[in-house]
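Have a look at the structure below, then the notes.
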Amino acid sequence: MSIGDVGSANGRRPSPPGDYPLVIVGSGPGGLQAGYFLDRLGIDHAVISADPGPGGMFRRFPFFQRLLSWTKPYAPYPRDSREFERYDWNSLLADDRRHRGIMPELMDGSSEFPSRQEMEEGLVRFAERTGLRVRYGTRWEGTEQRDDRFVLATSDGEYRCRVVIFAVGIAQPWLPAIRGFEHVAHYVDTRTDASYAGKRLLIVGKQNSAFELASGLLQWASQIILVSPRPAMLSVNTHSLAGIRARYVQPWEDSNLGGGVAILNASIEQIERLEQGFAVHTRSTESGEPFVAEVDEVIAATGFQCPLLDLTKLGVSVFGQSGLPAMTNAYESADVPGIYFAGTISQGVPGLKKFGIPANSGAVHGHRYNARLMVSMLAESHFGKPRHRPAMSRTELVDYLLAEASTAPELWHQKGYLARAVFVDADGTLRDDGIVSLAQFVDEGGPDAVAITVETDQSGEIHPVVYLRRHGWVAGDAWLQASTVHEYRTAAHRRELRALLGDLAA
């Protein structure tokens with residue numbers, strides 16, 4: 001089977017134009033993950049993608065091949081278990097154990113960070129093994145609303161649906177409106193590494209993409225300057241994935257030691273094209289002093305925007321440089337009911353952001369759980385398929401919550417963002433509400449309930465955190481004691497949690 005025929009039958013392309021209850025646009029990890037869970041719930045849908053096969057952005061990026069997300073083939077749990085997901089940031093989720101943990105089988109042992117090609121192949125295998133039906137080579141070109149339907153114009157014809165999920169990524173290059181930027185290359189235009197041999201290089205930006213380029217070109221460029229107005233942050237200092245990841249700190253060390261790298265906190269006033277190279281006019285954001293850097297090459301690692309085409313004309317509001325759509329906690333457009341977003345775009349739902357720590361929704365290991373939660377919520381609200389909420393005994397509650405805090409991958413990958421919740425039904429029965437949005441649990445009220453999550457405090461220490469909802473609102477949070485090895489199923493933790501729960505626990 002060729003990549004382009006994944007999910008097809010007898011060589012025919014699946015999901016032709018027509019009417020469907022739901023349509024997914026995009027075949028990156030977010031689109032595939034959402035499609036998988038829709039299949040599991042028996043909700044008829046079509047998936048369309050302009051790409052020739054699975055992979056999304058991993059068909060092209062990262063430029064220097066290795067991902068920032070790890071997979072540890074040798075972990076304390078079997079590869080087909082839920083618990084293993086905590087150590088495997090790159091495989092998509094599956095209910096069938098045979099379809100879990102695909103990434104470890106593809107890695108050659110040279111690194112815990114998969115190559116771009118290995119990640120792409122992992123997505124191909126997931127689509128093949130789970131039988132996902134995707135119509136590739138079908139480009140989304142525009143959207144209308146007619147009565148109660150969305151009409152998607154595509155290169156193959158019209159798709160009509162009541163609900164649509166856009167999983168189109170954040171991959172549209174963005175350049176600032178500053179004189180001279182029209183002359184420089186964007187990150188997506190980066191050439192082969194050897195073509196920068198002996199060049200003086202200036203990189204605009206100090207996020208991970210900028211440091212990725214600087215790391216990959218250290219052995220080639222004669223000089224590298226990284227420029228942006230604000231100081232760069234390091235993830236090892238923020239105690240989260242916010243900031244430059246540890247894999248890319250070599251340019252930082254070279255800068256500290258005077259090894260040919262300079263990191264400037266400066267604004268760019270203009271870029272002047274010279275007969276040979278560029279003159280980049282900057283002004284320090286610390287001293288206000290001007291500085292002109294004469295270089296051979298300039299690469300703008302200035303970020304990306306969501307390719308939302310004409311959705312704003314339908315009323316979808318966006319915010320920030322990336323043009324993220326405003327969404328509810330259910331990943332539904334805040335303005336246009338029935339439009340949902342999956343994949344990296346789901347980072348537009350910020351969560352509580354305690355201590356300024358963001359969600360991990362920009363990466364597969366975070367947004368794969370968002371997709372599952374989103375599908376379960378829209379299945380309930382649009383298709384009459386309520387989530388299974390099993391009853392549980394009050395004698396089970398303490399041990400159950402502490403086990404989740406110790407091993408649940410959802411809580412560890414989406415710290416302070418997703419939680420395990422248990423609520424009190426109208427008849428007094430305790431019911432497991434599953435994995436929920438913590439912000440939704442806190443902000444939107446409901447029956448008496450408890451939610452547990454995992455969070456990082458101001459010092460970088462990790463704790464289980466308990467939220468109790470009484471009489472429709474959450475009064476605050478309670479931090480359980482930390483554990484050196486993150487094991488919370490101890491007698492001390494049981495006593496601590498039981499005292500907090502009061503009459504909820506036997």
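The values are calculated or read from the model by the stated rules, or taken from the named source; none is laboratory data. Model, not experiment: these values are computed from the prediction. No Cβ is skipped: glycine too gets one built from the backbone with ideal geometry, and neighbour counts run over all protein chains shown.
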What number of residues within region 175-188 satisfy the criterion of being free of Cβ contacts under 8 Å to residues at least 24 places away in the same chain and either more than 24 Å from GLN321 (Cβ to Cβ) or assigned to a helix (DSSP H, G or I) (or both)?
1
Of all residues in region 438-484, which are out of contact with any Leu (no Cβ under 7 Å at 6 or more places or on another chain), in a strand (DSSP E or B) and of a type in the set (S, T, N, Q)?
THR456
Of the criteria (1) among the hydroxyl-bearing types (Ser, Thr, Tyr); (2) crowded, with 16+ Cβ neighbours inside 10 Å; (3) at pLDDT 90 or above, which one TYR74 fails:
(2)
So which residues in region 108-140 are assigned to a helix (DSSP H, G or I), without any contact (Cβ under 8 Å) to a residue 60 or more places away in the chain and either of a type in the set (Asp, Glu) or over 24 Å from ASN370 (Cβ atoms) (or both)?
GLN117, GLU118, GLU121
Which of the residues belonging to region 374-407 are under 15 Å from ARG431 (Cβ atoms), more than 26 Å from the chain's Cα centre (by Cα) and surrounded by 14 or more Cβ atoms within 10 Å (Cβ to Cβ)?
ARG389, MET392, ARG394, GLU396, LEU397, TYR400
Only one of GLY356, GLY323, GLY351, GLY362 is more than 16 Å from the chain's Cα centre (by Cα) and either of a type in the set (Ser, Thr, Tyr) or surrounded by fewer than 24 Cβ atoms within 10 Å (Cβ to Cβ) (or both), namely GLY356
Among (1) out of contact with any Lys or Arg (no Cβ under 9 Å at 6 or more places or on another chain); (2) outside the structural domain of ASP457 (by TED's automatic domain parsing); (3) not hydrophobic (A, V, I, L, M, F, W, C), the one test that GLN414 misses:
(2)
Please count how many residues of region 18-53 are part of a loop (DSSP other than H, G, I, E, B) and charged (D, E, K, R).
2
Just wondering, is there one or more residues in region 389-397 that are outside any loop (DSSP other than H, G, I, E, B) and in contact (Cβ under 8 Å) with a residue 60 or more places away in the chain?
yes
Identify the single condition in (1) under 22 Å from ASN208 (Cβ atoms); (2) assigned to a helix (DSSP H, G or I) that GLU105 does not satisfy, given that it satisfies every other one.
(1)
When only residues in region 98-133 that are small (Gly, Ala, Ser) and modelled with pLDDT of 95 or more count, which is farthest from the chain's Cα centre (by Cα)?
GLY131
Which one is surrounded by the most Cβ atoms within 10 Å (Cβ to Cβ), of the residues in region 124-171 that are among the small types (Gly, Ala, Ser) and under 11 Å from VAL25 (Cα atoms)?
ALA167
Would you confirm whether any residue within region 198-221 is farther than 18 Å from ARG66 by Cα and of a type in the set (S, T, N, Q)?
no
For region 26-68 the number of residues that are within 19 Å of GLY362 (Cβ to Cβ) and surrounded by 21 or more Cβ atoms within 10 Å (Cβ to Cβ) is 13
Being small (Gly, Ala, Ser), free of Cβ contacts under 8 Å to residues at least 40 places away in the same chain and more than 27 Å from ALA214 (Cβ to Cβ), is that true of even one residue in region 341-360?
yes
Among the residues of region 80-97, which ones are of a type in the set (Ser, Thr, Tyr) and either at pLDDT below 95 or assigned to a helix (DSSP H, G or I) (or both)?
TYR87
Is there a residue in region 263-271 that is closer than 30 Å to MET119 by Cβ and not assigned by TED's automatic domain parsing to the domain that holds TRP70?
yes
Can you find, within region 237-276, the residue that is surrounded by the fewest Cβ atoms within 10 Å (Cβ to Cβ) among those that are under 16 Å from LEU68 (Cα atoms) and among the hydrophobic types (A, V, I, L, M, F, W, C)?
ALA246
Every listed condition ((1) within 23 Å of the chain's Cα centre (by Cα); (2) at pLDDT 95 or above) holds for ARG160 save (1)
